[in-house]
Amino acid sequence: MDTSELVDKIQELTDLELAVLVCLVTSQHCIIQTEEDGLDPLEQELRLVASNIFGLSYTVVHCNNSSTLEDFSAGILVEGSMPDIEHEDSGMTIDSKHDSLRRSRSNSPVKYESGREAQGIANIVIVSGLTMACQEIQIQALELLRTRRIFIHTAIHAAPKMFLLVFLDGVGAPRLVHHLIDHVFISHYHDQEDGFANLEELSEETEDDRASLSSVLHRSEMPNSLFANQRAFFSQEEVRTLIDLSQTVSVSAEVKAYLQNIVTFLRMHRAVGGGISPRATQHFDLLVKCLAPLHGLAFVTPSLVSLATRKIYPHRIKIISAENDRSMQYGSDLAAVASILDGLRPEDVIDDVLQQVEAPL
């Protein structure tokens with residue numbers, strides 16, 4: 001496919017769809033946040049992004065303080081023909097759904113082919129409310145993220161080649177366990193004012209048919225299956241093309257120095273508690289190389305480094321308490337330090353660092 005055509009198609013994607021695309025290209029995972037009252041429509045939007053835009057199977061796992069390991073493990077599985085998944089049939093039945101309606105910019109009908117029914121991990125697993133679940137479930141999620149496998153009784157299920165874990169939570173929710181946070185690639189905040197493109201288009205189609213949104217979703221509920229023949233807006237072949245392009249991206253010595261200076265300033269910032277991990281730096285380097293082909297570039301620019309910084313570090317930065325500020329060792333006033341740190345967010349720290357570090361020309 002012509003690279004310019006691919007870039008034009010990428011320009012049509014929303015920010016939320018771009019976040020999913022970046023994770024698919026890098027084979028990494030993400031946190032998506034919004035305000036509490038926007039979680040339900042955001043969840044439905046992500047379902048439609050998975051099925052309509054990328055033609056991938058999905059499942060949603062809702063966690064709370066009474067969820068068990070068995071609930072989580074069973075929830076990530078879907079029924080259907082999945083030849084690229086290693087599995088042993090456990091006989092368990094899962095109620096996962098797939099929305100057959102697709103974005104109007106592709107007019108081809110959705111097609112499904114029957115095949116041997118089996119259980120496997122969905123391509124996109126949307127986990128809602130994981131911060132409310134016990135630590136054991138979060139550790140299970142970490143193991144799935146690291147090994148791409150999950151053990152259920154006598155069955156071993158391996159994730160498909162296209163695999164994405166999306167941790168969906170409200171702003172201000174408790175933090176995930178440290179090691180899980182460190183393995184999550186990027187974080188994305190979805191402002192409700194940006195809207196929900198797929199839901200809005202679905203709603204318009206529903207109004208034209210004189211039916212409610214809920215009834216349309218109900219009629220289209222069906223088990224996830226093999227979607228290789230579904231002509232999604234963004235195909236898996238196009239994702240693989242972007243993967244190949246990202247591996248050939250060049251980074252100049254000046255840009256590498258700029259990237260490293262940002263990491264150094266973040267580690268030395270007085271408001272950052274716990275430091276910045278080496279894994280975060282690896283993810284930083286991976287993201288800047290991924291962003292270049294999305295913009296039709298074969299090299300990394302300083303502006304892409306700045307953009308990557310705002311996606312890699314917000315969920316990793318923990319603001320230090322006033323009592324633990326390093327200046328307290330030299331006799332600083334606790335009240336004065338507390339006033340400086342009061343209301344400071346990870347985004348503020350990132351803005352401060354980007355202003356201090358000089359970008360190469």
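Taken together, the values in this text are just the output of simple stated rules run on the coordinates, not laboratory data. The model shown is predicted, which means the values in this text are computed figures rather than measured ones. Here Cβ is always computed from backbone atoms with ideal geometry, including for glycine, and neighbour counts include all displayed protein chains.
Computed values, structure above
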{"quantity": "P(r) of segment 248-356 over all Cα-Cα pairs, binned every 10 Å from zero, in whole percent", "calculated": "14, 42, 26, 12, 5, 0"}
{"quantity": "Packing rank of 50-63, 318-331, 160-173, where each peptide gets the mean count of other beta carbons within 10 Å, highest leading", "calculated": "50-63, 160-173, 318-331"}
{"quantity": "FRET efficiency, 1/(1 + (r/R0)^6) with R0 51 Å, evaluated for SER66 and GLN355 via beta carbons", "calculated": "0.65"}
{"quantity": "Charge tally in the Cβ shell below 12 Å around VAL353, where Lys, Arg are +1 and Asp, Glu are -1, VAL353 excluded", "calculated": "-2"}
{"quantity": "Point-to-point label distance, PHE299-ARG175, nm (Cα→Cβ direction, 7 Å offset)", "calculated": "3.8 nm"}
{"quantity": "Phi-based couplings in Hz for segment 182-189 (Karplus 6.51, -1.76, 1.60; Gly and Pro marked x)", "calculated": "5, 8, 6, 5, 10, 10, 9, 9"}
{"quantity": "Charge sum, other residues only, whose C-beta stays under 13 Å from ILE181's C-beta, Lys/Arg counted +1 and Asp/Glu -1", "calculated": "+2"}
